[in-house]
Amino acid sequence: MTWLVTGGAGYIGAHVTAALLAAGEPVVILDDLSTGDARRVPPGVPFLIGDAGDPATIRDTLHRHRVTGVMHLAGSKSVPESFHKPQWYHRQNVTVVENVLDAMAEAGVTRLVFSSSAAVYGLPASPTVAEDAPARPINPYGQSKLDAEHAVADSPGVSWIALRYFNAVGAAAAHLGDHGTTNLLPRVLRAARTGEPLTVTGTGLPTPDGTAIRDYVHVADIAAAHLAAGAAVTTGRRARVYNAGTGTGHSVLDVIHAVERTTGTPAPWTPGPPRPGDPAAVVADVTRIGSELGWRARHTLDDAVRSAWLGAAANAA
Ligand SMILES: NC(=O)c1ccc[n+]([C@@H]2O[C@H](COP(=O)([O-])OP(=O)(O)OC[C@H]3O[C@@H](n4cnc5c(N)ncnc54)[C@H](O)[C@@H]3O)[C@@H](O)[C@H]2O)c1
């Protein structure tokens with residue numbers, strides 16, 4: 001079994017690669033380095049710099065490396081950017097997937113694990129969402145992930161699993177950390193490091209402390225979910241979406257307090273207006289992935305904060 005990990009130089013893709021290698025599975029990486037970092041790619045792993053949406057590139061990669069399964073993580077993930085560039089998000093997150101599926105069909109590759117997102121749920125009717133909750137995205141990013149799920153589901157002969165990640169946090173090693181400047185945890189860590197306050201978007205929401213609640217899942221746990229999904233698509237015919245979250249919600253203030261507790265440093269913040277259309281609370285119902293794939297998240301929010309803080313300190317040194 002050789003896995004192609006698209007987006008393998010990215011934050012989550014690099015963790016997936018590390019988990020596959022630790023499990024003894026050969027890996028090939030295809031990444032255009034648009035947001036990725038070549039330093040995350042382990043030595044000795046075949047690494048092609050290129051566009052996963054380019055039909056010739058993906059075809060050539062599948063053939064040349066005798067790929068037998070694809071973990072597709074390449075994509076663009078910024079909600080605000082998706083409002084400015086909806087067509088680009090469609091291209092990056094839908095057209096690229098369609099081209100990967102076409103190349104897989106041509107090469108006879110039938111196993112796929114696809115990176116989807118909790119953004120497909122939009123504004124859920126209740127804070128805890130199961131996979132059969134209506135998918136009604138409220139931004140072009142979420143819509144692109146839902147459209148891509150449909151493209152995957154419509155491809156005949158493919159054994160596939162789409163993992164709807166909730167909010168990925170933490171790092172399994174210092175060099176694998178999240179460089180994202182918009183995600184909450186890196187912003188809180190920056191506030192703790194620099195003393196410059198972060199703006200909390202929404203402090204009067206209908207949650208116990210007034211700030212937004214999300215499901216923060218350690219990236220090493222997401223990588224472990226890929227191993228479980230990879231085994232499932234290999235041993236049987238699968239066509240299923242799964243939530244990849246912890247099942248527990250934390251507010252923005254919980255994250256700030258976790259950073260302060262873990263680092264012993266104040267993380268200053270100021271209240272700001274809520275982001276339009278932002279749901280007050282979104283938490284994964286993880287019943288399905290637990291019972292069908294035997295996966296559950298093992299790390300706590302404090303584990304994730306500690307690992308991200310050590311990573312940020314190492315990278316700043
Ligand atoms: N980080 C999260 O919390 C989160 C949550 C839900 C879903 N996701 C999804 O998970 C995937 C990985 O996210 P991430 O956080 O690792 O982001 P990331 O930006 O760190 O990784 C994406 C990787 O894909 C590469 N890439 C982008 N377009 C490409 C293309 N056309 N061809 C080849 N490589 C390309 C980038 O260079 C980067 O290395 C994305 O599809 C994202 O939408 C992430």
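Readers should treat all values here as calculations from the given coordinates under stated rules, not as data from a laboratory. Fair warning: this is a prediction, and the values are worked out from it, not measured in the lab. FYI the Cβ positions are ideal-geometry reconstructions off the backbone, even for glycines, and counts take in every protein chain you see.
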Item checked: Per-residue HN-Hα couplings for the range 165-182 [Karplus 6.51, -1.76, 1.60; θ = phi - 60°; Hz; x = Gly/Pro] -> 6, 8, 8, 6, 9, x, 7, 7, 7, 3, 7, 9, x, 7, 8, x, 9, 9
Checklist line | Cα-based Kirkwood hydrodynamic radius, the chain, one decimal, Å | finding: 19.7 Å
Next item on the list: Let me know the shape class of the range 140-261, please: from the alpha-carbon gyration tensor, a ≥ b ≥ c as square roots of the eigenvalues, rounded when a/c is under 1.5, otherwise prolate if a/b is greater than b/c, or oblate.
Entry: prolate
Next item on the list: Express the Stokes-Einstein translational diffusion coefficient of the range 89-213 in µm² s⁻¹, to the nearest whole number, given a Kirkwood radius over alpha-carbon pairs, 4 °C and a viscosity of 1.567 mPa s.
Entry: 75 µm²/s
Margin query: With 10 angstrom as the radius, rank Leu253, Leu112 by how many other C-beta atoms surround their C-beta, starting from the fewest.
Written below: Leu253, Leu112
Notebook entry, point to check: Going highest first, how would you order 72-80, 269-277, 158-166 by mean Cβ packing within 10 Å?
Noted result: 158-166, 72-80, 269-277
Item checked: Whether the range 183-317 is rounded, prolate or oblate, judged on the alpha carbon gyration tensor where a/c under 1.5 counts as rounded -> oblate
Notebook entry, point to check: For the range 56-117, what's the radius of gyration and Dmax over Cα atoms, in angstrom?
Noted result: 13.0, 38
Note to self: Quick check: Cα centre of the range 23-46 to Cα centre of the range 216-269, how many Å?
What the structure shows: 21 Å
Notebook entry, point to check: Taking neighbour Cβ counts within 10 Å as the exposure measure, how do Lys85, Lys145 sort from fewest upward?
Noted result: Lys85, Lys145
Check: In cubic angstrom, how much convex hull volume per residue do the alpha carbon atoms of the range 21-160 span?
Finding: 132 Å³
